[in-house]
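Comments concern the structure below.
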Amino acid sequence: MQKLRAARILGWGKALPDRVLSNQELERIVDTSDEWIRTRTGIRERRIAAPDTAASDLALLAAQEALAKANLTVEKVDLIIVATVTPDMVFPATACLVQSRLGASRAAGFDLEAGCSGFLYALATGREFVASRTYDHVLVIGVEVLSRILNWQDRNTCVLFGDGAGAIVLGPAPLGEGILSTYLGADGAGGGLLSVPAGGSRRPVDQDVLATGAQYIQMNGSEVFKFAVRVMGEASLKALERAGLDLSAVSYLVPHQANQRIIDAAAKRLRLSPDRVIVNLDRYGNMSSASIPVALAEAADEGCFKSGDVLVLVGFGAGLTWGASVVRW
Ligand code: UT7
């Protein structure tokens, strides 16, 4: 058997809809205030996809940018993994729609759903394919058009989320470089805290569903908050332990962007000052699977990371799920 190898990030990209929805505009839609949203969450505005834009449209743009940055032609892509809870449709997979439009005819493709932890699950999966030498180049995409599954009459949820896509290209690296560790967790018993109850095989959409809004995101915010604060720290520490590193090695935290207070708690647990934490939720809200790859792409574009920096990517979400990954840049 051939020796294992590592996977590293060769390129990154992002795509965000042009339309900005501010807190002030939301004040005219539901009973909320800019002050409440900013102080409770840290969000100032979010992006909303145009009516004719679906997940694969944003995913395609992010993927093209990531491939260009990696200086890789589409023929080199072996596998496309799309993490999303808002695919274009139930099937075919959004990964296959992207594969066709990208012209990546050699690539296999599938979607993966792990709530807001989706990108971390997809990253861990892609890394295994590269490490095992099954594939050389894996495109990992996190994309959401959450505005389509939000109840715009429910102030508990509609102020929190936004639309966008982020992508990375993974390629081979010597052991000890690139992705140093991954750690994933799940607790299905908490699934009811954050869900879209209807629209699947358990409860297909019918008149009753439409009347109650059960086809939209429903969330017990305060319970998810407590869970998030607990697992963000725990998952980061587990991933660091697996990488054989301690807290002093961490250069930057790239957290899932759900709530500034959750991010602050994670940073405190990892003893990181605010300048070591990548934050974009003030501008984009919670983009679920897209939050981490967009934050990563923006920070990388700004030249934030230097070679050898150690990044901790960490997130949590529906499932319940959580995960973390330690990356040497
Ligand atoms: O990626 C995973 C997705 N989910 C999350 O990450 C969510 C995690 N949870 C959170 O971020 C926070 O729990 C929230 C931001 C959702 C809520 O903050 P909170 O400090 O936990 O507030 P709360 O749920 O305890 O609600 C406090 C009050 C309630 O009013 P009463 O019952 O105390 O009178 C809510 O009805 O705030 C009210 N409220 C609002 N008020 C104005 C809830 N949403 C709004 C709103 N505008 N948009």
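Which is the longest run of the chain containing none of the trypsin sites (Lys or Arg not before Pro) found in DSSP loop states (not H, G, I, E, B) with at most 14 other C-beta atoms within 10 Å? The answer is 29-105. Each Lys and Arg Cβ is given +1 and each Asp and Glu Cβ -1; about its Cα centre, the chain then shows a dipole of about 860 debye.
Which helices count as membrane-span-like in the chain under these terms: full DSSP H, at least 27 Å along the axis by C-alpha, Kyte-Doolittle mean of -1.0 or more? List each step's numbers first, then the result.
Working: long enough: 221-243 (32 Å, 0.23).
Long hydrophobic helices here: 221-243.
Projecting the Cα atoms of Gly176, Ser147, Phe161 onto the charge dipole of the chain, computed from C-beta unit charges around the Cα centre, puts Gly176 farthest toward the positive end. Ligands, DNA and RNA left out, the accessible area of segment 15-108 computed with a 1.4 Å probe is 52% carbon and sulfur. The residues of segment 243-316 expose on average 35 square angstrom of accessible surface per residue, using a 1.4 Å probe on protein heavy atoms. Which residues in segment 31-59 place their backbone N less than 18 Å from a point set 7 Å from the Cα of Arg101 along the Cα-to-Cβ direction? Those under the cut-off are 48-59. Taking every C-alpha pair closer than 8 Å and separated by at least 6 residues, the mean separation divided by the residue count of segment 6-176 gives a relative contact order of 34 percent.
Using a probe radius of 1.4 angstrom, the carbon and sulfur fraction of the accessible surface of segment 180-328 is 48%.
Per residue, the accessible area of segment 6-176 comes to 41 Å² when a 1.4 Å probe rolls over the protein heavy atoms. When the Cα convex hull of the chain is projected onto planes of every orientation, the mean area is 16.4 nm².
Near Arg328, within a Cβ-to-Cβ distance under 15 Å, what is the net charge of the other residues, with Lys and Arg +1 and Asp and Glu -1?
Details: positive: Arg5, Arg8, Arg127, Arg242, Lys306; negative: Glu177, Asp246, Asp309.
Local charge sum for Arg328: +2.
Relative to one another, the C-alpha centroids of segment 12-29 and segment 64-139 are positioned 26 Å apart. Across the chain, Cα pairs under 8 Å and at least six residues apart give a relative contact order of 25 percent.
The values are calculated or read from the model by the stated rules, or taken from the named source; none is laboratory data. Everything numeric in this text was worked out from a predicted model, so none of it was measured. Here the Cβ is made from the backbone with ideal geometry for all residues, glycine too, and neighbour counts use every protein chain on show. The protein model used for the area step is the full one, side chains on, heavy atoms only, and it has no ligands, DNA or RNA in it. Shrake-Rupley method; radii C 1.70, N 1.55, O 1.52, S 1.80 Å.
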